[in-house]
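*Asks:* Once you've had a glance at the structure underneath, I'll fire off some questions.
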Ligand code: 6MZ
């Protein structure tokens, strides 16, 4: 990983709401996976975008395909989820919503149901191990897989929401933003919403999605991933911004991911600034901490140094993220108490 964040940021209690499981796999875990599967001939540098490097979004999606080759059994998923949770906890994350696209693999006998069960098992183990982190799960729809798979995924998520002791809280829509169209996924998303699953949708991650965003904002989603091209200064529109403001939909913002994936030209031009100035709920997140070689402490430090935030402002930012979590109010209350207990006397 790049240079470690300062101690203030590492000790800052944090909420992580936008973390794709297979994008969050650390170097250490990748090494373990590679040694389990030497026949794949995968080199470590094929799974990570290092310091100062940039990739097209296309290339980023190629990286996920490589990681998926390395993570194709129940044992792999259990190890990956266990390690990722432990790493977030070690980085001071007190509440984590992990998201992942359930996959099946005929050659290893993996099914989508087993996939979700295995992630849940890792979450339960982290509780039993006494880690100081509350973890929830969002089942992800990969947009490239179309209507039928989306409906099937919603049904699975629905089932798990009812039988996972509150661990499955919602649904994520992600995947390559230039593939497929949201209108085909609308019935599935509507169904998810009607049955009580919370919705976090990747919206306007690239510039060409105005029409789709307009449509999906009418659901409305409970949170937005990225929303890079929503506002008029980057080719979005006031109409879209107004919809977001009217429904007070929080944004999950991932600075390093957007820079390395080249959807934002530089940190100073990140849309964090636009929404922060509007005092709109914006949550700093990592997206894919493994692939983009970052952690949440670093992301907070980057936001602070780029936009001149005081330590007190950073504290408030991390605290306000609690309002945006998908777990119920009693969990929010517990987290708020934790923040009170941990607040430094002076900044
Ligand atoms: C859209 C992304 C993403 O689900 O196998 N994913 N989708 N935009 C992004 N910005 C860079 N980063 C990750 O984790 C990997 C999957 O998450 C989605 C993609 O569908 C990717 O295949 P899981 O755990």
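Every number here is computed from the coordinates shown, using simple stated rules; none is lab data. Computed from a predicted model, the values in this text were never measured in an experiment. FYI the Cβ positions are ideal-geometry reconstructions off the backbone, even for glycines, and counts take in every protein chain you see.
*Asks:* Quick one: P(r) of segment 133-243 from all Cα-Cα pairs, 5 Å bins, percents rounded to integers, in order of increasing distance.
*Replies:* P(r) over segment 133-243, rounded to whole percents: 2, 13, 24, 23, 17, 11, 7, 3, 0.
*Asks:* Oh, and also: State the extension gain, in nm to one decimal, for the chain segment bounded by residue 207 and residue 190, taking 0.36 nm per residue of separation less the distance between their alpha-carbons.
*Replies:* The residue 207-residue 190 span can extend by a further 3.7 nm.
*Asks:* May I ask you to derive the relative contact order of segment 1-77, considering only C-alpha pairs under 8 Å and at least 6 residues apart, and to give it as an integer percent?
*Replies:* About 33 percent, as a whole number.
*Asks:* Plugging the Kirkwood radius over Cα pairs into Stokes-Einstein for segment 78-193, at a temperature of 4 °C and a viscosity of 1.567 mPa s, what D comes out in µm²/s?
*Replies:* Diffusion coefficient, whole number: 87 µm²/s.
*Asks:* Report relative contact order for the chain in percent, whole number only (criteria: Cα-Cα under 8 Å, sequence separation at least 6).
*Replies:* Across the chain, relative contact order equals 21 percent.
*Asks:* Using Cβ counts within 10 Å as a stand-in for footprinting exposure, how do 300, 267 rank, fewest first?
*Replies:* Starting with the residue having the fewest Cβ neighbours, the order is 267, 300.
*Asks:* Percent relative contact order of segment 205-347, based on C-alpha pairs within less than 8 angstrom and at least six residues apart?
*Replies:* 18
*Asks:* When a footprinting reagent is the concern and you count Cβ atoms within 10 Å, what order do 169, 241, 346, 119 take, fewest first? Could you put the intermediate results ahead of the total?
*Replies:* Values: 169 24, 241 18, 346 5, 119 29.
Sorted ascending by nearby Cβ count, the order is 346, 241, 169, 119.
*Asks:* Over the Cα atoms of segment 274-344, Rg to Rh with Kirkwood Rh, two decimal places?
*Replies:* 0.98
*Asks:* A further question on this structure: Taking Rh as the Kirkwood radius, which is the inverse of the mean 1/r over Cα pairs, what is the Rg/Rh value for the chain?
*Replies:* Dividing the radius of gyration by the Kirkwood radius yields 0.93.
*Asks:* Per 10 Å bin, what percent of the C-alpha pairs of segment 226-282 does each bin hold, from zero upward?
*Replies:* Percent of pairs per bin, in order: 24, 59, 17, 0.
*Asks:* Suppose each label sits 7 Å from its Cα in the direction of the beta carbon; what would the residue 11-residue 113 distance come out to in nanometres?
*Replies:* Placing both labels 7 Å along Cα→Cβ, they lie 4.9 nm apart.
*Asks:* Sticking with this structure for a sec: Which percent of Cα-Cα pairs in segment 121-179 sits in each 10 Å bin, short to long?
*Replies:* Reading the bins upward from 0: 22, 41, 26, 10, 0.
*Asks:* Order these by the 10 Å Cβ neighbour count, fewest first: 36, 223.
*Replies:* Fewest to most other Cβ atoms nearby, the residues stand as 36, 223.
*Asks:* What residue among 232, 281, 177 has the largest mean-square fluctuation in a Gaussian network model of the chain, using Cα springs under 10 Å?
*Replies:* 232
*Asks:* Let me ask you something else. Say R0 is 25 Å: what FRET efficiency, to the nearest 0.05, do residue 311 and residue 245 get from their beta-carbon distance? Each step should come with its number before you reach the end.
*Replies:* Working: r = 28 Å, r/R0 = 1.12.
With R0 = 25 Å, the Cβ-Cβ based efficiency is 0.35.
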